[in-house]
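The next block holds one structure in the form of structure tokens; read it before the comments.
The values are calculated or read from the model by the stated rules, or taken from the named source; none is laboratory data. Keep in mind the model is a prediction, meaning the values are calculated, not measured. Cβ coordinates were reconstructed from backbone atoms using ideal geometry, including for glycine residues, and neighbour counts include every protein chain displayed. Each accessible area value is taken on the protein alone, full model and side chains, heavy atoms only, with ligands, DNA and RNA left out. Shrake-Rupley method; radii C 1.70, N 1.55, O 1.52, S 1.80 Å.
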Amino acid sequence: MSVDRQSIHGQWSSRFAFTLAATGSAVGLGNIWKFPYIAGENGGGAFVLVYLICILLIGIPVMMGEVLMGRRGRQSPFNSVIELCDEAGATRAWAGLGVIGVLAGTLMLSFYIVIAGWAFSYALAAGRNAFNGASAEEIGSLFKSLTDSPVRLTTWSTFVSVVTGVIVWRGVQAGLERTVRLLMPCLFALLLLLVGYAMSTDAFMQGISFLFKPDFNQLSANGALVALGHAFFTLSLASGVMMAYGSYLPKGVSIAKTCLVVAAADTIVALLAGIAIFPIVFSYGLEPNAGPELVFVTLPIAFGQMPFGWFFGTLFFVMLVFAAITSAISLLEPVVAWLIERMRMTRGQATAAASFAVWVVGLGTVFSFNIGSDVLIFSKDFFGAVDYLTANIMLPLCGLLIASFTAWIMKERATRDELDLGDSPAYEVWQFTMRYVAPAAIVVVFLKAIEVIRL
Ligand code: TRP
């Protein structure tokens, strides 16, 4: 039995270290940039409700499953799955879930570096006091001048990929822990400040009811799929990250509690971002369905109005950059580990190769905002297509495989032992959710969205 083995890469010093790293991966652009804009595009309240249900019923159980697979396997994600297949006497074909995950992570990173570049550029703009007293139109054209320029976007995405690559190459652990420990409280405080500003606008209640009052007429089947996909994206699931982090988790630490803490922190940050953004949208007559630019054309208005706005604005976008970088390194790490193991590269070579490949694919996203905006793949621009393929297809599929693997294939003795939930019915609840609820929900939402079934 392989119960007490440790990963050759070491272990977290404490449960807290794991929580920090997992939170650093989970909290990122997904919470502050993506969540508000997809909530806005999909009509608000009903979408948010479905998203919260997905986090609770699918996200948290799958996260527990992924972490337990890592801790049981004690190796890089791919090899952990192989090990677990052998332990359970199952076919090694399950390792395919690792392949889908790593591929999805790499694709997601390709647009992640571009959007993180926007945040960098905005940190500088805030520092120059560019938002001071600017009207909604002026802020809008500031955004457009950035995304219209392939050169500026490429410069920033290059910068972000170099920074991410260097951190991953040098080893993430030491710096990561300190960054996240400092970052989370600051990010939280700044979001509260923005919520305070939002409360001072006359559309605060309108924003709140947009976000929290469900109107199911506003939610399409595709919207439900976007909510499901986002639950995976925002919790950093289904791409090997949680499995890798789980493999460094000491035996005896409660997986359930830790996952709950990470999911709660992640959800709170997303909701706070929404609460800050939508009142500004409505009080300045902007459209909630503006798309990926939403955060970048709303929050600067608030910074332009408030006292010391340049200071808070700079701090906010710097925080956003850090949040994005701690997530980006977690997206890069699995590919790098895989290249080292499979292609026998050194860490430096692997990081350089992976970063370069990601950067090249990222050019597709760069051009999709300007010169390539009319190049369509399945009627979506390049960024839209990559986003759809990863979040709405690859992550749910991989999540389905993780749920099936941990709840049906792995021996109950093994999962019970790892989760160690004592005599409470919590284990049964987890197992039932992973066996039936999560797979059924994923399959139904998916088939309905691609219109195979009509309900
Ligand atoms: N969770 C991050 C965010 O919300 C993005 C991310 C980082 C991610 N690592 C991941 C998404 C792994 C999926 C899988 O911004």
Out of all the residues in the stretch 356-374, which are more than 13 Å from Gly105 (Cβ to Cβ) and either among the hydrophobic types (A, V, I, L, M, F, W, C) or in contact (Cβ under 8 Å) with a residue 40 or more places away in the chain (or both)? Phe356, Trp359, Val360, Gly362, Leu363, Gly364, Thr365, Val366, Phe367, Phe369, Asn370, Ile371
Quick test of your reading of the structure: Glu428 fulfils all but one of (1) within 17 Å of Phe233 (Cβ to Cβ); (2) more than 16 Å from the ligand (Cβ to nearest atom). Name the failing condition by number. (1)
Restricting attention to the stretch 335-369, the residues that are farther than 25 Å from Pro292 by Cβ and in a helix (DSSP H, G or I) number exactly 15
Among the candidates Ile53, Ile58, residue that is open to solvent by 20 Å² or more (accessible area, probe 1.4 Å) and either part of a helix (DSSP H, G or I) or free of Cβ contacts under 8 Å to residues at least 40 places away in the same chain (or both): Ile53
Test set (1) touching a helix residue (DSSP H, G or I) at 6+ places or on another chain (Cβ under 8 Å); (2) open to solvent by 30 Å² or more (accessible area, probe 1.4 Å); (3) free of Cβ contacts under 8 Å to residues at least 60 places away in the same chain - Leu339 fails condition number: (2)
Does Ser149 meet the test of being away from the ligand (no atom under 16 Å from the Cβ), out of contact with any Pro (no Cβ under 6 Å at 6 or more places or on another chain) and open to solvent by 10 Å² or more (accessible area, probe 1.4 Å)? yes
For the stretch 63-93, give me the residue count where each residue is more than 23 Å from the chain's Cα centre (by Cα) and either surrounded by fewer than 20 Cβ atoms within 10 Å (Cβ to Cβ) or hydroxyl-bearing (Ser, Thr, Tyr) (or both). 12
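Within the stretch 94-109, track down each residue that is within 17 Å of the chain's Cα centre (by Cα), open to solvent by less than 10 Å² (accessible area, probe 1.4 Å) and of a type in the set (A, V, I, L, M).
Result: Ala104, Met108, Leu109.
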Please identify the pairs in which a residue from the stretch 97-122 that is touching a residue at least 60 places away in the same chain (Cβ under 8 Å) has its Cβ atom under 7 Å from the Cβ atom of a residue that is more than 11 Å from the ligand (Cβ to nearest atom) and of a type in the set (Gly, Ala, Ser), counting only partners at least 6 apart or on another chain. Ser110/Gly362; Phe111/Gly362; Ile113/Ser157; Ile113/Ser161; Ile113/Gly362; Val114/Ser157; Val114/Gly362
Which condition from (1) within 16 Å of the ligand (Cβ to nearest atom); (2) modelled with pLDDT of 90 or more is the one that Pro334 breaks? (2)
For the stretch 23-38, pairs from a residue that is within 15 Å of Asp387 (Cβ to Cβ) and of a type in the set (Ser, Thr, Tyr) to a residue that is more than 7 Å from the ligand (Cβ to nearest atom) and part of a loop (DSSP other than H, G, I, E, B), with Cβ under 9 Å and 6 or more apart or across chains, are Tyr37/Pro288; Tyr37/Asn289; Tyr37/Ala290; Tyr37/Gly291; Tyr37/Pro292; Tyr37/Glu293
Residue in the stretch 181-204 that is modelled with the lowest pLDDT, counting only those that are open to solvent by 80 Å² or more (accessible area, probe 1.4 Å), assigned to a helix (DSSP H, G or I) and more than 19 Å from Ala17 (Cβ to Cβ): Phe188
Condition (residue is part of a helix (DSSP H, G or I), within 15 Å of the chain's Cα centre (by Cα), under 30 Å from Leu286 (Cβ atoms) and within 15 Å of the ligand (Cβ to nearest atom)) applied to the stretch 3-22: is it met by at least one residue? no
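From the list Tyr112, Tyr122, pick out the single residue that is buried (at least 19 other Cβ atoms within 10 Å of the Cβ), closer than 19 Å to Gly28 by Cβ, more than 16 Å from the ligand (Cβ to nearest atom) and not small (Gly, Ala, Ser).
After ruling out the rest, the residue left standing is Tyr122.
Each row is one residue, and each column tells you yes or no for (1) away from the ligand (no atom under 16 Å from the Cβ); (2) out of contact with any helix residue (DSSP H, G or I) (no Cβ under 7 Å at 6 or more places or on another chain); (3) at pLDDT below 95.
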| residue | (1), (2), (3) |
| --- | --- |
| Arg92 | yes, no, yes |
| Gly101 | no, no, yes |
| Met108 | no, no, no |
| Arg128 | yes, yes, yes |
| Val160 | no, no, no |
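Matching residues to (1) hydroxyl-bearing (Ser, Thr, Tyr); (2) open to solvent by less than 10 Å² (accessible area, probe 1.4 Å); (3) over 17 Å from the mean Cα position of the chain (by Cα):
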{"site": "Leu225", "(1), (2), (3)": "no, yes, no"}
{"site": "Phe232", "(1), (2), (3)": "no, yes, no"}
{"site": "Ala244", "(1), (2), (3)": "no, no, no"}
{"site": "Gly252", "(1), (2), (3)": "no, no, yes"}
{"site": "Ile255", "(1), (2), (3)": "no, yes, yes"}
{"site": "Val261", "(1), (2), (3)": "no, no, no"}
Going residue by residue through the stretch 142-162, is there one that turns out to be assigned to a helix (DSSP H, G or I) and in contact with an Asp or Glu (Cβ under 6 Å, 6 or more places away or on another chain)? yes
